[in-house]
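Quick notes on the structure that follows.
What follows is calculated from the coordinates using simple rules that are stated; it is not laboratory data. All values derive from a computational prediction rather than experimental measurement. Quick reminder, even Gly has a Cβ in these numbers, built from the backbone with ideal geometry, and neighbours come from all protein chains shown.
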Amino acid sequence: MTGERTEVVVIGGGAIGLSIAFELAGRGRRVTLLERGEPGAEASAVAAGMLAPTSESEGNAASLLNFQLDSLCRYPEFTAAVSELSGLGCGYRSEGTLWVARHRDDELELEHLAALQRERGLTSRMVTAREARRLEPYVVPRAVGGLLVDGDHQIDPRRLLPALALAVEHRGVDLRRRTRVSGVFPEAGGVRIAYDTPGESGELRADIAVIAAGVWSEDGIDTPAPPLGLRPVKGQLLRLRGEPIIQRVVRTPDVYLVPRSDGELIVGASEEEQGFDAQPTAGAVFDLLRDAWEVLPGIYDLHLDEISVGFRPAVRDHLPVIGPAGAPGVFLATGHYRNGILLAPATAYWLAEAIEGGETPPLLAQLQASRLAGAG
Ligand SMILES: Cc1cc2nc3c(=O)[nH]c(=O)nc-3n(C[C@H](O)[C@H](O)[C@H](O)COP(=O)(O)OP(=O)(O)OC[C@H]3O[C@@H](n4cnc5c(N)ncnc54)[C@H](O)[C@@H]3O)c2cc1C
């Protein structure tokens, strides 16, 4: 084989691709990351950044919950390593989540959620209205109770992603922006990756290629992977700004509010099947503001900085796809749906284990592409 050669090519510079490049470079691999635009500019830049396996456990498969919990445990070490190399903070916070019951209906729903969490060995605690207001004084006075989840954490993706992009370069990753991959072709002794940059087309050869291009992982890239049936789940989310009015994440069954230390307050999020329509809509903004105002009336005076729209990468069972793509040397890491920020450290660690060990680690057993046979 001729031409430029490296050990690993990672395709896509979102939270998933960057974390994989970071992990593999940390294990001494020579890594090139190809990103069609700027790193961390798509779904990962829109995400609220909740690291909340307990709050989000309802309806999740056991395989996903175990993977989420594993990833949450990795977060402190992961962000410490990223911060040390980049010199930048990642906005990691561990204050937990307060679910607020606005009325008896919500309260029953939270009791149900707490029972489900208990059954799965997760920790949470029902609180009285008085305690909810003691914890978060700006919560609406007519709240009737709440559910406290101390084990949920959060990160600011708009701080994590730039820090991660810098950290991978400090680890020696060749991070190429404005480089769109058009094909991944297994061949004798490795993989050939075809790409286009604004001025030219080129090819790279590698031992291994990891396709981590979010919802575009089978869109415009010719790959040997079986059809996954990836689809975008549109999410709209608001960024408000002003004096901080909450300390921890505040949620109801309809909306979540995520505080940042710099005065930003995230209000999220819609879930829509609208294809790649990136337009914000009046209806989603109206619903988010009304639902947020019902639990935290103080948002009325905050500034509305931004309406963000992102595309969650989803397959039909809403579990991620992490592992071999069914052709020698080609791996997949996509389909992270609502959990890609939370799952980034575990995805990177366990995919690296799979690549190095040549076997599927037990935590990835249920997350293989083969389960989706016939999708597309
Ligand atoms: C509104 C909203 C709220 C969310 N909140 C949370 C949350 O609180 N917690 C959580 O854990 N998750 C959350 N998520 C989910 C999370 O954002 C995603 O699961 C995660 O960002 C997926 O990361 P990714 O790297 O796979 O994809 P992306 O971030 O979309 O990155 C994919 C990258 O691949 C690049 N690319 C695409 N095609 C090519 C190509 N041909 N060649 C080269 N590069 C290519 C793109 O430019 C992009 O940079 C939320 C998502 C949304 C939309």
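For the Cα atoms of the chain, what angle does the longest principal axis make with the long axis of helix 15-26, in degrees from 0 to 90, nearest 10?
Here the helix axis deviates by roughly 60 degrees.
In debye, nearest 20: dipole of the chain around its Cα centre with unit charges on the Cβ of K, R (+) and D, E (-)?
320
Taking a label point 7 Å from the Cα of PHE286 along the Cα→Cβ vector, which residues of the range 292-331 have an amide N closer than 15 Å to it?
292, by backbone N distance to the label point.
What is the gain in length, in nm to one decimal, between TRP293 and GLU4 on full extension, counting 0.36 nm per residue of separation less the C-alpha to C-alpha distance?
Numbers: separation 289, 0.36 × 289 = 104.04 nm, distance 5.57 nm.
Contour length minus the Cα-Cα distance gives 98.5 nm.
For helix 157-170, report the angle its Cα long axis makes with the longest principal axis of the Cα atoms of the chain; keep it between 0 and 90° and round to the nearest 10°.
It is inclined by approximately 30 degrees.
Which of VAL168, VAL127, VAL309 moves the most in a Gaussian network model of the chain with Cα springs under 10 Å?
Of the options given, VAL127 has the highest mean-square fluctuation.
Tell me, how many Å apart are the Cα centres for the range 89-156 and for the range 251-311?
19
Taking every pair of distinct Cα atoms and averaging 1/r, then inverting, what Kirkwood hydrodynamic radius in Å comes out for the range 171-268?
Hydrodynamic radius (Kirkwood, Cα only) of the range 171-268 equals 17.4 Å.
Using a Förster distance of 41 Å, how high is the FRET efficiency between GLU243 and ALA62, based on the Cβ-Cβ distance and rounded to 0.05?
Taking R0 as 41 Å, the efficiency between GLU243 and ALA62 is 0.50.
Compute the signed sum of charges (Lys and Arg +1, Asp and Glu -1) over the other residues within less than 14 Å, Cβ to Cβ, of SER217. Walk me through the intermediate numbers first.
Numbers: positive: ARG36, ARG180, ARG231, ARG312; negative: GLU35, GLU42, GLU218, ASP219, ASP222.
Residues close to SER217 contribute a combined charge of -1.
Looking at the chain, what % of its DSSP beta bridges pair antiparallel, to the nearest 5?
Around 70 percent antiparallel, to the nearest 5.
Determine, from the Cβ-Cβ distance of GLU272 and TYR300 and an R0 of 30 Å, the FRET efficiency 1/(1 + (r/R0)^6), rounded to the nearest 0.05. Let's see the in-between values first.
Numbers: r = 26 Å, r/R0 = 0.85.
The formula returns an efficiency of 0.70 here.
What number, rounded to the nearest 500 deg cm²/dmol, is the helix-based mean residue ellipticity at 222 nm of the chain, given -39500 (n - 2.57) per DSSP H run of at least four residues and division by all its residues?
-9500 deg cm²/dmol
Taking the chain as the reference, fit the longest principal axis to its C-alpha atoms, fit the long axis of helix 62-86 to the helix C-alpha atoms, and give the angle between the two in degrees, 0 to 90, nearest 10.
Tilt relative to the chain: about 80 degrees.
Which length gain, in nm to one decimal place, applies between ASP254 and THR128 when the Cα-Cα distance is subtracted from 0.36 nm times their residue separation?
Working: separation 126, 0.36 × 126 = 45.36 nm, distance 1.99 nm.
Gain in length upon complete extension: 43.4 nm.
For the range 281-376, divide the Cα radius of gyration by the Kirkwood radius and give the resulting Rg/Rh value with two decimals.
1.18
Using the eigenvalues of the Cα gyration tensor, what equivalent ellipsoid semi-axes result for the chain when each is taken as the square root of five times the eigenvalue, whole Å, largest first?
Working through the eigenvalues yields semi-axes of 38, 21, 19 Å.
What is the mean projected area of the alpha carbon convex hull for the range 100-212, to one decimal in square nanometres?
Working: hull surface 52.3 nm².
Computing the convex hull of the Cα atoms and averaging its projections yields 13.1 nm².
Anyone know which of LEU302, LEU148, LEU351 comes out most mobile in the 10 Å Cα GNM of the chain?
Looking only at LEU302, LEU148, LEU351, the biggest GNM fluctuation is shown by LEU302.
What spacing in nm lies between the two simple spin-label points modelled at VAL144 and GLU356, each 7 Å away from Cα in the Cβ direction?
So the two model labels end up 5.3 nm from each other.
Quick one: what do you get for the range 191-334 if you divide its Cα Rg by 2.2 N^0.38 Å?
Expressed relative to 2.2 N^0.38 Å, the Cα Rg reads 1.37.
Quick one: among TYR300, TYR75, TYR92, which has the greatest mean-square fluctuation in a GNM of the chain with alpha-carbon springs under 10 angstrom?
Highest fluctuation among the options: TYR300.
Quick check: net charge around LEU135, other residues with Cβ under 14 Å of its Cβ, Lys/Arg +1 and Asp/Glu -1?
That works out to +1.
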